[in-house]
Amino acid sequence: MAKLKLSGKELRAIGYPEGPVISLAMNLMEKHYKHAEKEEVMNILRSVVASPLEFAGDAVLALIAEQLMPKEKNKSTIIRMNDIGIHFDVFGAEQIEQGAMYQMELAAKLPVSVAGALMPDAHAGYGLPIGGVLATENAVIPYGVGVDIGCRMCLSVFDINPKELIQKEQYFTRELNEATLFGSGKDFENPTPHEVIDRKEFGEIGLLKKLQGRAAKQLGSSGSGNHFVEFGIVEIREKDEILNLQPGNYLGLLSHSGSRGLGANIANHYTRVAREKRKLPGDAANLAWLALDEQEGIEYWMAMNLAGDYASACHHVIHQKIAFQLGRQPLTRVENHHNFAWKEIHDGQGLIVHRKGATPAGKDVLGMIPGSMTAPGFIVKGKGQATSLFSAAHGAGRKMSRTNAIKSITHHLLRETLEKHGVKLIGGGLDEAPQAYKDIEEVMRSQKQLIDVVGKFIPKIVKMDGANGKRRGKRKEDLTLADGE
């Protein structure tokens, strides 16, 4: 007699919910009922899913029934915060709004918090503030990572005279327009094939199965908000052994974007799960966490890492398209991400380090910190400063909300600023005007102990979403929040 073989599709068809219970039921039944008739086994499984309480005493079926029973709600659901929070260092405190300080102080009182830091570009967000760094023990906070999971910077440096940006402005403008798509919900009719779309996680996690097709269509797109792709001048004043570029001026291609609808869906779904599992008081609700030894935490960790790799793939697709058109391979590439959580060792303890809008700055780790559409960005090398948990700022940081920027900045002022700095803007809006951001030079001065500057990037042709400063998109799952979320 052939051995019993079941499929997840068959179990879902008789009412089994998506989740770990399906694989558990398949494994148990194929092991303990391997010589039984399939129809008999399916009838047993129908009975279990219909009345799980009746099978609580069965040696085998109780394991399945337990997964199907309604979970009792804990009457004391509110988790108590610590009265005194952990210490965290603040860099550039004079530039940081009170809202961000309050959010960081709240995060410091979580029972799972171990260490933290606040970067000079910090401002308020959801859960952990943008610019917030938080180390926890065996816990990951979805809104401590952020909605735009794995959002990153990617810089390609080409051995091309940057004067060509002026001489062939139309050519470089065309390349930016053709290399990627901007705007919430935008996707390609003919997607670029990439191995990241074939990752096993898409088949193993229920949520991801529904997102795979859309992720394929959005691969290589750039979203909205403060995301950009731009050409500019890379200035290297002296050779650095890590960056390994000779002094001089080069043509640079710099991009900033994240994981699009894939990351947003992952973040929102697992935040809801975390909030249901761990009730926190008042303003702390969005700091709910998942343990890394529970099913939901394991799933989130897998999905987060997939979204980070997907975001990286988006940048690589864009840079490869443009490199092909330029007929050159880059001399080097500098890439780093934020809105992520890492497993790291600090003071001999294994911790989960969340960097929401913060750049990894371990010893000799290269990164790219941008300014604004007219302000320079900086190629940096980390010093491995323990007090910042090996972190630095991820940009200039907003000093003005989007609404206030649109109300107080005129198109005339934006045009004047662009002309003054010799920048050609494609798309963009008043909400992304340079005046909406902090002074990047001040931000850099506030973190001298965290990073060394090894190069500068001066933007010249900037491509952004062309929504004219209006709120982008109506579909929540497509929103890539432009303030570092």
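Tabulated data
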quantity: Any hit, segment 141-148, residues being part of a helix (DSSP H, G or I), small (G, A, S) and without any contact (Cβ under 8 Å) to a residue 60 or more places away in the chain; calculated: no
quantity: Filtered residues of segment 219-259 (kept if in contact with a helix residue (DSSP H, G or I) (Cβ under 7 Å, 6 or more places away or on another chain) and either in a loop (DSSP other than H, G, I, E, B) or within 19 Å of D452 (Cβ to Cβ) (or both)); calculated: L219, G220, S221, N226, G258, S259
quantity: Residue ranges of helices (runs of 4 or more DSSP H) in segment 1-54 with at least 3 members more than 18 Å from Q295 (Cβ to Cβ) and among the β-branched types (V, I, T); calculated: 38-50
quantity: Qualifying residue in segment 394-401 (condition: over 20 Å from G131 (Cα atoms), modelled with pLDDT of 95 or more and touching a strand residue (DSSP E or B) at 6+ places or on another chain (Cβ under 8 Å)); calculated: no
quantity: Subset of segment 273-298 [among the small types (G, A, S), farther than 16 Å from Y126 by Cβ and either free of Cβ contacts under 8 Å to residues at least 60 places away in the same chain or buried (at least 19 other Cβ atoms within 10 Å of the Cβ) (or both)]; calculated: G297
quantity: Of the criteria (1) assigned by TED's automatic domain parsing to the domain that holds A291; (2) polar (S, T, N, Q); (3) in contact with an Asp or Glu (Cβ under 8 Å, 6 or more places away or on another chain), which one N177 fails; calculated: (3)
quantity: Subset of segment 238-266 [under 24 Å from the mean Cα position of the chain (by Cα) and farther than 27 Å from V462 by Cβ]; calculated: N265, I266
quantity: The one condition in (1) in contact (Cβ under 8 Å) with a residue 24 or more places away in the chain; (2) in a loop (DSSP other than H, G, I, E, B) that A59 fails to fulfil; calculated: (1)
quantity: So R174, is it of a type in the set (K, R) and farther than 17 Å from G258 by Cβ; calculated: yes
quantity: Check on F182, buried (at least 20 other Cβ atoms within 10 Å of the Cβ) and either modelled with pLDDT of 95 or more or over 17 Å from the mean Cα position of the chain (by Cα) (or both); calculated: yes
quantity: Strands (runs of 3 or more DSSP E) contained in segment 325-424 and holding at least 2 residues surrounded by 22 or more Cβ atoms within 10 Å (Cβ to Cβ) and among the basic types (K, R); calculated: 349-356
quantity: Long-range neighbours under 6 Å by Cβ, at least six apart or interchain, first residue assigned by TED's automatic domain parsing to the domain that holds Y16 within segment 35-54, second modelled with pLDDT of 90 or more and surrounded by fewer than 11 Cβ atoms within 10 Å (Cβ to Cβ); calculated: none
quantity: Those residues of segment 274-299 which are in contact with a Phe, Trp or Tyr (Cβ under 7 Å, 6 or more places away or on another chain) and of a type in the set (K, R), in sequence order; calculated: R278
quantity: Residues of segment 405-443 that turn out to be over 28 Å from T180 (Cβ atoms) and in contact with a strand residue (DSSP E or B) (Cβ under 7 Å, 6 or more places away or on another chain), as a count; calculated: 0
quantity: Test: I318 is within 18 Å of R152 (Cα to Cα) and either at pLDDT 95 or above or assigned to a loop (DSSP other than H, G, I, E, B) (or both); calculated: yes
quantity: Odd one out for I352, checked against (1) under 19 Å from G92 (Cα atoms); (2) touching a residue at least 40 places away in the same chain (Cβ under 8 Å); calculated: (1)
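Here's the yes/no breakdown for (1) surrounded by fewer than 16 Cβ atoms within 10 Å (Cβ to Cβ); (2) within 19 Å of V317 (Cα to Cα):
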residue: C154; (1), (2): no, yes
residue: P162; (1), (2): no, no
residue: P191; (1), (2): no, yes
residue: D198; (1), (2): yes, yes
residue: G203; (1), (2): yes, no
residue: F228; (1), (2): no, yes
residue: E235; (1), (2): no, no
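The values are calculated or read from the model by the stated rules, or taken from the named source; none is laboratory data. Just so we're clear, the structure is a prediction, and the values are computed from it rather than from any experiment. Note: ideal-geometry Cβ built from the backbone for every residue, glycine included; neighbour counts use all protein chains shown.
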